[in-house]
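The structure appears below as structure tokens.
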Amino acid sequence: MQEIAAQDATEAPVDIAVEIVELVASPVHAYEGRPADGPRPDPEDPRQDRIEVRAGLGVVGDRYFNHAAHRRAAVTLLSAEALEAVATDLGVPRFDPVLARRTVVLRGAAVDALAGTGAGFTLDSGDGPVRFRAHRAAHPCRWMDVVLAPGAFKALRGRGGVRCEPLSDGVLRRGAATLAVPAELAALVARPAR
């Protein structure tokens, strides 16, 4: 298993029980061009039961895999609760989380609290922990007004998830999982996302 070196926190990480609600990997960028023209069709369903993560490269089979410009943002995490709060705020039914095109949609963690921290964390869905480094926020794009609902672009600001760099190889599966975060961020990440 390949692993990229990373600084470890001085305190032991805190485990948070989460659920991986959705996993998304697609060989094409469906939200390309003008939103008014609509998304281009996926050659296959981007919803995955499992994904293979490679250190420094991203998700095998995804459009951003091994692209130098996306190495620090190869995997994106989104809180399911944040997406549900946006639907509530807009007064519309819940969205299909796959439409947000984030790699991992988690229930049970406010992942936006990791954005911009540079924090290392792990996600383990039963096949061993996969290490990541949190980088910048995953800002929404105007496509969200088309594929989710009018106003979703603005409503997702500050709760569109976090872009992450994979630091180790591993497998993630939908279902119960454990998110291990630095102790100093645990209280922020463990509270429900809104």
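The values are calculated or read from the model by the stated rules, or taken from the named source; none is laboratory data. None of the values given here were measured: they were computed from a predicted structure. Quick reminder, even Gly has a Cβ in these numbers, built from the backbone with ideal geometry, and neighbours come from all protein chains shown. With ligands, DNA and RNA removed, areas are computed over all heavy atoms of the protein, side chains included. Shrake-Rupley method; radii C 1.70, N 1.55, O 1.52, S 1.80 Å.
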How big is the shadow of the Cα convex hull of the range 18-110, averaged over all directions, in nm²?
7.0
Give me the percent of accessible area attributable to carbon and sulfur for the chain, probe 1.4 angstrom.
50
Packing-ranked peptide list from 157-168, 55-66, 36-47, 79-90, highest mean Cβ count within 10 angstrom first, is 157-168, 79-90, 55-66, 36-47
Cβ-Cβ FRET estimate between ALA69 and THR178, R0 fixed at 35 Å, reported to 0.05:
0.70
Would you mind getting me the FRET efficiency between ARG191 and ARG50? Use the beta-carbon distance for r and R0 = 45 Å, nearest 0.05.
0.95
Could you check what % of the DSSP bridge pairs in the range 5-118 are antiparallel, to the nearest 5?
75
Dipole of the chain, positive direction: furthest Cα of PRO13, CYS141, LEU185, with charges on the beta-carbon
CYS141
With a probe of 1.4 Å, find how much accessible area the chain has per residue, and write the answer as a whole number in Å².
47
Tilt relative to the chain, helix 80-90 - C-alpha long axis, 0 to 90 degrees, to 10:
30
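Under the 0.36 nm per residue contour assumption, what length would be gained going from the current alpha-carbon distance of ASP89 and VAL171 to full extension? Could you put the intermediate results ahead of the total?
Numbers: separation 82, 0.36 × 82 = 29.52 nm, distance 3.43 nm.
Length gained, ASP89 through VAL171: 26.1 nm.
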If you add up the charges near ARG50, with Lys and Arg at +1 and Asp and Glu at -1, over every other residue whose beta carbon is less than 9 angstrom from its beta carbon, what do you get?
-1
How would you classify the chain from its alpha-carbon gyration tensor, with a ≥ b ≥ c the square roots of the eigenvalues: rounded for a/c under 1.5, else prolate if a/b is greater than b/c, otherwise oblate?
oblate
